[in-house]
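> Sharing a structure below in structure tokens format, with a few things to ask.
The values are calculated or read from the model by the stated rules, or taken from the named source; none is laboratory data. Quantities reported herein were computed from a predicted structural model and do not represent experimental measurements. Here the Cβ positions follow ideal geometry from the backbone for every residue, glycine too, while neighbour counts run over all protein chains shown.
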Amino acid sequence: MADKGRAVARRKDRKEPDAADRAKSGKEEENIPEKTENNEGAPAAEEPAGGAVANGQNGEFKVEPMELPPFEIIQGDRIDAFAFKFQFKNVEYSSGRNKTFLCYLVDKGKASDGLLRGYLEDEHSGAHAEEAFFIQCLPDYDPALKYTITWYVSSSPCSACAEKIAEVLKARKNIKLSIFAARLFEWEEAEIQAGMKSLNAAGCKLRVMKPLDFSYIWDTFVENEDQPLNLWEDCKDNYEYYHEKLSEILQ
């Protein structure tokens, strides 16, 4: 991603010691015991590496698994162009698209505040982007204001997020939310359909993105380097497919 000012939690790659380095003779201080069940005769190390503990009296060390922190929600102004073309593509089978991108517009009804614009990205390992929006993008929620919020999401909310969004809309009557989804997430599942119906009943406007919507996102939320968006060949057909499925669910 090329967004400046956004915080991304990354895991550092681990590199196994080269076998040739381990085989160098005459340098026991540089020799690293191989991970085998029988490691007798291996030179004893002075201190175990971080996360390792001694296992028995033969100098063998057992590496304890490290608990890595979950990816954090990413927040920024513009999405990387490649990420947009992959994540927002409205294909029927979304293999490899295991995260949610949420582009948002917020109008508080106050001319002085202007229109809030940005995007969120999750890794599906912690809070989802839909839930994080109300925490990170509306930290100073004011019940006296009238909020008009528009989301453009790479896929529709999961059942858990749909229920939480519906609860927020029921509790905060001054929020009007419209969600435009590139794809419908697992729309065949009964709980997903129930979540969509809950959103609709709570007053949320849930729609499938048209080809024109993709062009709007490209111009408004993507680092496009002033290049036009060439929509994929089946964009319109896929829109019509998802539009029909959503209409059947919400009827």
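> Which of the following residues is within 29 Å of residue 77 (Cβ to Cβ), in contact (Cβ under 8 Å) with a residue 12 or more places away in the chain and either surrounded by fewer than 16 Cβ atoms within 10 Å (Cβ to Cβ) or touching a strand residue (DSSP E or B) at 6+ places or on another chain (Cβ under 6 Å) (or both): 184, 206?
Every option except 206 fails the conditions.
> Does at least one position in the range 74-84 carry a residue that is within 24 Å of the chain's Cα centre (by Cα), of a type in the set (Lys, Arg) and modelled with pLDDT under 80?
no
> Looking at the structure I just gave you, is residue 223 of a type in the set (Asp, Glu), surrounded by 15 or more Cβ atoms within 10 Å (Cβ to Cβ) and more than 12 Å from residue 182 (Cβ to Cβ)? Steps first, please.
On the way: of a type in the set (Asp, Glu): yes; surrounded by 15 or more Cβ atoms within 10 Å (Cβ to Cβ): yes; more than 12 Å from residue 182 (Cβ to Cβ): yes.
Yes.
> Sticking with this structure for a sec: Checking residue 135 against (1) free of Cβ contacts under 8 Å to residues at least 24 places away in the same chain; (2) more than 18 Å from the chain's Cα centre (by Cα), only one condition comes out false. Which one?
If we test residue 135 against (1) free of Cβ contacts under 8 Å to residues at least 24 places away in the same chain; (2) more than 18 Å from the chain's Cα centre (by Cα), just (2) comes out false.
> Then there is this: Residues that are in the same structural domain as residue 201 (by TED's automatic domain parsing), under 23 Å from residue 239 (Cα atoms) and assigned to a loop (DSSP other than H, G, I, E, B): does the range 103-120 have at least one?
The answer is no, given that none of the residues of the range 103-120 is in the same structural domain as residue 201 (by TED's automatic domain parsing), under 23 Å from residue 239 (Cα atoms) and assigned to a loop (DSSP other than H, G, I, E, B).
> Residues to consider are 144, 132; find the one that is in the same structural domain as residue 106 (by TED's automatic domain parsing), part of a helix (DSSP H, G or I) and modelled with pLDDT under 95.
Criteria check complete, one pass: 132.
> Can I ask one more? In the range 86-106, which residues are surrounded by fewer than 17 Cβ atoms within 10 Å (Cβ to Cβ) and among the charged types (D, E, K, R)?
92
> Of the residues that make up the range 140-156, is at least one touching a helix residue (DSSP H, G or I) at 6+ places or on another chain (Cβ under 6 Å) and crowded, with 20+ Cβ neighbours inside 10 Å?
Yes, some residue in the range 140-156 is touching a helix residue (DSSP H, G or I) at 6+ places or on another chain (Cβ under 6 Å) and crowded, with 20+ Cβ neighbours inside 10 Å.
> Which one of 85, 99 is assigned by TED's automatic domain parsing to the domain that holds residue 184, more than 18 Å from residue 174 (Cβ to Cβ) and part of a loop (DSSP other than H, G, I, E, B)?
Working: 85 fails: part of a loop (DSSP other than H, G, I, E, B).
Among 85, 99, only 99 is assigned by TED's automatic domain parsing to the domain that holds residue 184, more than 18 Å from residue 174 (Cβ to Cβ) and part of a loop (DSSP other than H, G, I, E, B).
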